[in-house]
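Novice: One structure follows; several queries about it will come next.
The values are calculated or read from the model by the stated rules, or taken from the named source; none is laboratory data. These numbers were taken from a predicted model, which means no experiment stands behind them. When we count neighbours, we look across all protein chains shown, and the Cβ atoms used for this are built from the backbone with ideal geometry, even at glycine.
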Amino acid sequence: MAKKTLTQLGRPVPLPASPDKAKLEAVANPHTDADYIVRFTAPEFTCLCPVTGQPDFAHFVIDYVPGKSILESKSLKLFLASFRSHAAFHEDCTIMIAKRVVAAIKPKYLRIAGYWYPRGGIPIDVFWQTGRLPKDVWLPDPGVSPYRGRS
């Protein structure tokens, strides 16, 4: 893998205006000789409802097994924050995030779990995965309880 220059890490960077303008960056996997899980958890994701313009909220768990690259976390944070003014359905946001991560790092395996808070009384959870989980790699439960309302 050719060495890439990181353009966001270690310096002030404005919030991207939209997910399309956000740049996901990768760095070399320091342990290409081992298969392991990397987990990112984003419990305070927000975007906009495409119908009402009201905010929608989700808790994301992204698990992946790196190939040659790992995802640089600041670029992921900026990418996820760029959805704050983006209007899209839950399914679209979840799959868009997953596909952008896959395009950026080409993992051996990726699973995304999007736990969306209720809108109109119905929580919508969206799950997607790609690739094959390597043998003998432990994939923990996402650890997010199903929505139980106000108890």
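Novice: Go over the candidates Asp141, Asp125, Asp92, Asp63 one by one and state the one that is among the charged types (D, E, K, R), over 10 Å from the mean Cα position of the chain (by Cα) and under 23 Å from Leu24 (Cα atoms). I'd like the intermediate steps shown before the answer.
Specialist: Values: Asp141 fails: under 23 Å from Leu24 (Cα atoms); Asp125 fails: under 23 Å from Leu24 (Cα atoms); Asp63 fails: over 10 Å from the mean Cα position of the chain (by Cα).
Criteria check complete, one pass: Asp92.
Novice: Could you check segment 98-122 and list, in sequence order, the residues that are within 10 Å of the chain's Cα centre (by Cα) and not aliphatic (A, V, I, L, M)?
Specialist: Lys99, Arg100, Arg111, Gly114
Novice: Related question: Which of the residues that make up segment 111-124 are at pLDDT 95 or above and either in contact with a Phe, Trp or Tyr (Cβ under 6 Å, 6 or more places away or on another chain) or surrounded by fewer than 14 Cβ atoms within 10 Å (Cβ to Cβ) (or both)?
Specialist: Ile112, Ala113, Gly114, listed by residue number.
Novice: Let me ask something else. For the list (1) outside any strand (DSSP E or B); (2) in contact with a strand residue (DSSP E or B) (Cβ under 7 Å, 6 or more places away or on another chain), I need the number of the one condition that Val51 fails.
Specialist: Checking Val51 against (1) outside any strand (DSSP E or B); (2) in contact with a strand residue (DSSP E or B) (Cβ under 7 Å, 6 or more places away or on another chain), the one that fails is (2).
Novice: What are the residues in segment 94-130 that are more than 17 Å from His59 (Cα to Cα) and either acidic (Asp, Glu) or in contact with a Gly (Cβ under 9 Å, 6 or more places away or on another chain) (or both), if any?
Specialist: Passing the criteria: Val102, Ile105, Lys106, Pro107, Lys108, Tyr109.
Novice: Restricting to segment 125-145, and then to whatever is in a loop (DSSP other than H, G, I, E, B) and of a type in the set (A, V, I, L, M, F, W, C), can you tell me which residue is modelled with the lowest pLDDT?
Specialist: So, considering only residues that are in a loop (DSSP other than H, G, I, E, B) and of a type in the set (A, V, I, L, M, F, W, C), the one modelled with the lowest pLDDT is Val144.
Novice: Tell me the residue from Lys68, Lys74, Lys108 that is touching a residue at least 12 places away in the same chain (Cβ under 8 Å) and crowded, with 16+ Cβ neighbours inside 10 Å, please. Walk me through how you get there before you give the answer.
Specialist: Working: Lys68 fails: crowded, with 16+ Cβ neighbours inside 10 Å; Lys74 fails: crowded, with 16+ Cβ neighbours inside 10 Å.
None of the other options fit; the residue is Lys108.
Novice: Scan segment 16-40 residue by residue and report those that are surrounded by 14 or more Cβ atoms within 10 Å (Cβ to Cβ) and in contact (Cβ under 8 Å) with a residue 60 or more places away in the chain.
Specialist: Listed by number, the residues that qualify are Pro16, Pro19, Ala22, Leu24, Glu25, Ala26, Asp35, Ile37.
Novice: Moving on. For segment 54-105, enumerate the residues that are part of a strand (DSSP E or B), among the acidic types (Asp, Glu) and more than 25 Å from Ile122 (Cα to Cα). If you could, list the steps in order and put the result at the bottom.
Specialist: Within segment 54-105, the first condition is being part of a strand (DSSP E or B), and the residues that meet it are 55-65, 69-71, 87.
With among the acidic types (Asp, Glu) added as a condition, the list becomes 56, 63.
Within segment 54-105, Asp63 is the sole residue that qualifies.
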